[in-house]
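The values are calculated or read from the model by the stated rules, or taken from the named source; none is laboratory data. Since we're looking at a predicted model, the values are computed, not measured. Cβ sites come from the backbone with ideal geometry, for glycine too, and all protein chains shown count toward neighbours.
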Amino acid sequence: MRTSTSLFLLFFLASLFIHAQSPSAISDIKAVLHQQEKAWNSGDLSAFMEGYWKSDSLVFVGSKGPTYGYTNTYRNYQKGYPNQAAMGKLTFTLMHIKQWDSETVQVIGGFELTRKKDAPSGFFTLLFRRFEDGWKIVSDHSSSGQ
């Protein structure tokens, strides 16, 4: 009886450890988002896109529905934000970060663009996956409040 209780306790503690938030993963993801903000605010859409998974399986969901693939997502950004004036200044607000396992993190946050004529804002849910070259967004659902 004592052995089975000890084994149960060992497995229970191990499961808590496995599912614990990794401070390293969270700080790495915050760094990716900070780099995206910096790239956007410099007018460098190519550098902004470095935060996304370069795969046909990338999913971006916006007001027009889902877009599949890195190339299609990049093209949509190029159409919607053709120059620095259209891009404006981007600010992210991180509201919730949840590490689901060692390879998957969900981020919920808000965004605001400050431009000369307007200041669109909204919310996003990002799903990050860990790859050999770091954490990348594999799914982005962004909705604008304007």
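In the condition set (1) at pLDDT 95 or above; (2) part of a helix (DSSP H, G or I); (3) surrounded by fewer than 17 Cβ atoms within 10 Å (Cβ to Cβ); (4) not hydroxyl-bearing (Ser, Thr, Tyr), Asp56 is compliant with all but (2).
Which members of segment 114-146 meet the condition of being among the charged types (D, E, K, R) and within 24 Å of Thr71 (Cα to Cα)?
Arg129, Arg130, Glu132, Asp133, Lys136, Asp140, listed by residue number.
Only one entry of Phe131, Phe48 meets the criterion of being over 16 Å from Ile26 (Cα atoms) and not β-branched (Val, Ile, Thr), and that entry is Phe48. Residues of segment 78-119 that are farther than 16 Å from Asp28 by Cβ and among the hydroxyl-bearing types (Ser, Thr, Tyr): Tyr81, Thr91, Thr93, Thr114.
Check whether at least one residue in segment 81-94 is touching a strand residue (DSSP E or B) at 6+ places or on another chain (Cβ under 7 Å) and touching a residue at least 60 places away in the same chain (Cβ under 8 Å), and report yes or no.
Yes, some residue in segment 81-94 is touching a strand residue (DSSP E or B) at 6+ places or on another chain (Cβ under 7 Å) and touching a residue at least 60 places away in the same chain (Cβ under 8 Å).
Among the residues of segment 48-64, those that are among the small types (Gly, Ala, Ser) and under 16 Å from Lys79 (Cα atoms) comprise Gly62, Ser63.
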